Structure formats: C-alpha cells, structure tokens
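Participant: Before I ask anything, let me first share the structure, which is written out below as structure tokens.
The values are calculated or read from the model by the stated rules, or taken from the named source; none is laboratory data. Source: prediction; values computed, not measured. No Cβ is skipped: glycine too gets one built from the backbone with ideal geometry, and neighbour counts run over all protein chains shown. Note: accessible area is taken over every heavy atom of the protein model, side chains too, but ligands, DNA and RNA are not part of it. Shrake-Rupley method; radii C 1.70, N 1.55, O 1.52, S 1.80 Å.
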Protein chains: 2
Amino acid sequence: MTTESTVLAELDFPAYAIGDDVADLLFREARSVGAFTDEPVTDDEIAAVYDLVRWGPTAMNITPLRLLVVRTPQARARLAALAAEGNRDRVLAAPLTIVVAADPAFHRHLPVLAPHRAAMVDALEGQPETREQMARMNTHLQLGYLIVGLRAAGLDVGPMGGMDAAAIDAEFFAENGWKSVLLLTIGHRDGVGTPHPRAARLDYADVAQTV
Amino acid sequence: MTTESTVLAELDFPAYAIGDDVADLLFREARSVGAFTDEPVTDDEIAAVYDLVRWGPTAMNITPLRLLVVRTPQARARLAALAAEGNRDRVLAAPLTIVVAADPAFHRHLPVLAPHRAAMVDALEGQPETREQMARMNTHLQLGYLIVGLRAAGLDVGPMGGMDAAAIDAEFFAENGWKSVLLLTIGHRDGVGTPHPRAARLDYADVAQTV
C-alpha cells in the first residue's frame, strides 16, 4: 500500500487525457472534508452538478439517484436529530447537507429512460426487493459520479454514513418511498484543513489480477 | 426529462472548475461503447487509471473494488462463455475486458486502510453477509470513480451487467472469494459510433426535493 501517488512514475503511461490540475482536483488532492467556510452553496450549483453527472451510465439507464437538499434551519434540525451523534454538529454547521437516496420506484420512469425495456415496468412492479437492491447499487454508482461532479464544480464534500436510515426514511420519505443511503455535507473546505492525515490506499498489485 | 444538456443555461451558475472539454470528456459527450478499434489497452494504462481513482472516498476507506483483467485468448473464451449470449461477441472482440469484482474480505486490510478501525476486523470476520453487502455497495461507488477515471485516461468503456455471476465467481474467484459485479469492455470507440441514440435522463426537478 502507499499513502501518495508514487506508482505513476514507474508505469509506461504517457499522460491522462485531463491535466494534472484536474486530476488533482477530482482525485489526488481531493479530501473528505469535515469543516467548511461560511460560503453558501446554492440550489443552482447542485442543479448544475446534477446536469453534468446524470449522463453517467447505470444498469438499464435506471438512474435511481435522488437528492433531498436540506437547507432550512428546521429541516436541518430534523435531520441532525437522526444522524449519528458524532455527525450532528456537522449537519448543523455545513453550508448544505444532502440526503443521498435511492428510489425503488425507478421502474415507473423506464418508458422514458429505456423505451425498449418498457415491458419491464410490469415485471418489476411485483418485485419490490429486487427493485430496492437495484436502486441501492445503482445509486452508489451514481454517487461516485456525484462526488466527482461536486468536486468538478469546485465544491468539497464530507460523506457520512452514520445515521438512523430507517428513521430518516420515515421522517422525510414516507410519501415517495425513497431509501436514504448517505449524508453528504457540501461547501468549501476551510483553511484549517481536515482532522485526519490522509488514509492509505491499496496498490494496483493488491487489487488486480491479470489472466 | 431531456436528451441534451439544455438546463445549464437557465441556472445562475457561472462555471465548473473544469473546462468544457473535460466536462464533455468525462460526462456530457461520453457514451457506453459497443464497438472498439483494434488499438490495444495496456496493463500500465489500467494501473495508471487505478492510481488516480483509488483516492475516491468509500465507507471506512474499505476500498473493496477488485479487477480481473482478462487478456489472453484462453481467459477471454472462458469469460465469454459465461457472459449473456448477447455480450459474448463483445467480450471476444474488445481490446480488453475487466471483470469488476467486490472483495468481501476487505476487512483484513483495515489495519492498513483505517488503523483507528482495526478493532472492526474481528467484529466483521463473523458477519460474512454484512461484509458482502458492504463490499458490493462500495464497489459500485468505486465503479463510478473507475468509469470516470478510464474516460480521464482517454479510454472508452462498455459496461455490461448481463452474465452468469455465480458461474464467473466459481470459474475465476474460487480461491480469493471475490464477487463479480459487472463486465467492463475497454478500448477506443470506433468511428462508426454506438448502436443506440443517446438515452434520456431525468431533470433535476424530477430527482431532487429541497426542504
């Protein structure tokens, strides 16, 4: 394992199709952030990020990612009460928190999203567990695009899994049936930096086999 | 829903932190590709992509994404036989196919990846179902980073879910216990283009609520 990108120089690889500044922004210098400045994050910024990342591929183009944008002090307090204790202050302090959610009713959009699979609507209607699993997996896939997209818009993110997901679903998603996946605090990192040193990653040789 | 990025002009959003060329490369003009040129894809190219995308965040930094790089004609034939019928020719024809897999034994790396969570190793050892679900979810998250990273290296991808996953696991992962998630054909798109017109996506108003 390594803690820095020391591998690249040893490879026969001329260059990425993006500049080093972009590679740093999106991946190499990006960090999960716990403390943000007071600079606000607007709904239009989030909409612009979504406009970019919605083009990322998903299985059958089901695109089940849904976003609850938590902005008002009242909504923020409702959400913070259902976050893990260590995450409550972050939800209250961040310029914006999004509840990333998966929509198990994604199949109702298939006539638009995948017209050649429209016959799947009826088949999937009777398979709620399959739909929820498909929704959760593909929401995680889209969450990967979303985190990259937020960074591409110059924003920093703090993903937090610690929450009472069932309680959040009951509090916010009783009508639409969305399933909460993750809390994502969003803003601009403050100059103080992040609480932990950068965690290590596995090397390519640890994760890949060639046959 | 819209089929093109017509939304951005209506937003109060000055600019992404990446150029339009990068936004097009990674998201807006990228397409899932079914037919590739003969230009080869090297192991070093894949290693360079991994070197970039491994920095993307995962829950507890578990980074369970694993890659089986299928290169030899023999291995390619073994894999194609276990792909869905409609995907076999693509596996045989693509410059390279990767079996994207999830490692339920990710917890054994926690002393390196998340030293402050090293106590979780023993707790997770006895929870194989929890580990497999965590591995699958976070592999999908990393798959989002991986697809973006392959495009950032100037490569095109054709993700394919149609396969006999259990048979692939038995054929290739009997020893390491990896769980196959997806087939990813990789190369450079040929000039002929893609088989389908671009599929529609939901608009921000369809997927987001603000409270």
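Participant: Based on this model, can you work out whether B:Asp89 counts as open to solvent by 50 Å² or more (accessible area, probe 1.4 Å) and either touching a helix residue (DSSP H, G or I) at 6+ places or on another chain (Cβ under 6 Å) or not β-branched (Val, Ile, Thr) (or both)?
Facilitator: Here the answer is yes, as B:Asp89 does meet what is asked.
Participant: Of all the residues that make up region A:124-136, how many are of a type outside the set (D, E, K, R) and open to solvent by less than 50 Å² (accessible area, probe 1.4 Å)?
Facilitator: 3
Participant: Ok, one more. Scan region B:52-82 residue by residue and report those that are among the small types (Gly, Ala, Ser) and out of contact with any Ser or Thr (no Cβ under 9 Å at 6 or more places or on another chain).
Facilitator: Listed by number, the residues that qualify are B:Ala59, B:Ala77, B:Ala81.
Participant: Still on this model: Tally the residues that are modelled with pLDDT of 85 or more, open to solvent by 30 Å² or more (accessible area, probe 1.4 Å) and in a helix (DSSP H, G or I), restricting the search to region A:1-27.
Facilitator: Qualifying residue count for the region: 5.
Participant: Of the residues B:Leu150, B:Leu146, which is closer than 30 Å to B:Thr72 by Cβ, in contact with a strand residue (DSSP E or B) (Cβ under 6 Å, 6 or more places away or on another chain) and of a type in the set (A, V, I, L, M, F, W, C)?
Facilitator: B:Leu150
Participant: Moving on. When you look at B:Met163, is it open to solvent by 30 Å² or more (accessible area, probe 1.4 Å) and under 19 Å from B:Ala59 (Cβ atoms), yes or no?
Facilitator: No.
Participant: Mind checking which residues of region B:92-103 are touching a Phe, Trp or Tyr at 6+ places or on another chain (Cβ under 8 Å) and surrounded by fewer than 21 Cβ atoms within 10 Å (Cβ to Cβ)?
Facilitator: B:Ala93, B:Pro95
Participant: Scan region B:66-83 residue by residue and report those that are open to solvent by 40 Å² or more (accessible area, probe 1.4 Å) and either in contact with a Gly (Cβ under 6 Å, 6 or more places away or on another chain) or among the basic types (Lys, Arg) (or both).
Facilitator: Across region B:66-83, the qualifying residues are B:Arg71, B:Arg78.
Participant: Among the residues of region A:160-208 satisfying the criterion of being of a type in the set (Asp, Glu) and farther than 30 Å from B:Asp43 by Cα, which is modelled with the lowest pLDDT?
Facilitator: The residue in question is A:Asp190.
Participant: Something else now. Could you tell me which residue of region A:51-81 is farthest from the other protein chains (Cβ to nearest Cβ), considering only residues that are of a type in the set (S, T, N, Q) and closer than 26 Å to B:Glu10 by Cβ?
Facilitator: A:Thr58
Participant: In region B:28-65, how many residues are part of a loop (DSSP other than H, G, I, E, B) and open to solvent by 10 Å² or more (accessible area, probe 1.4 Å)?
Facilitator: So the answer is 12.
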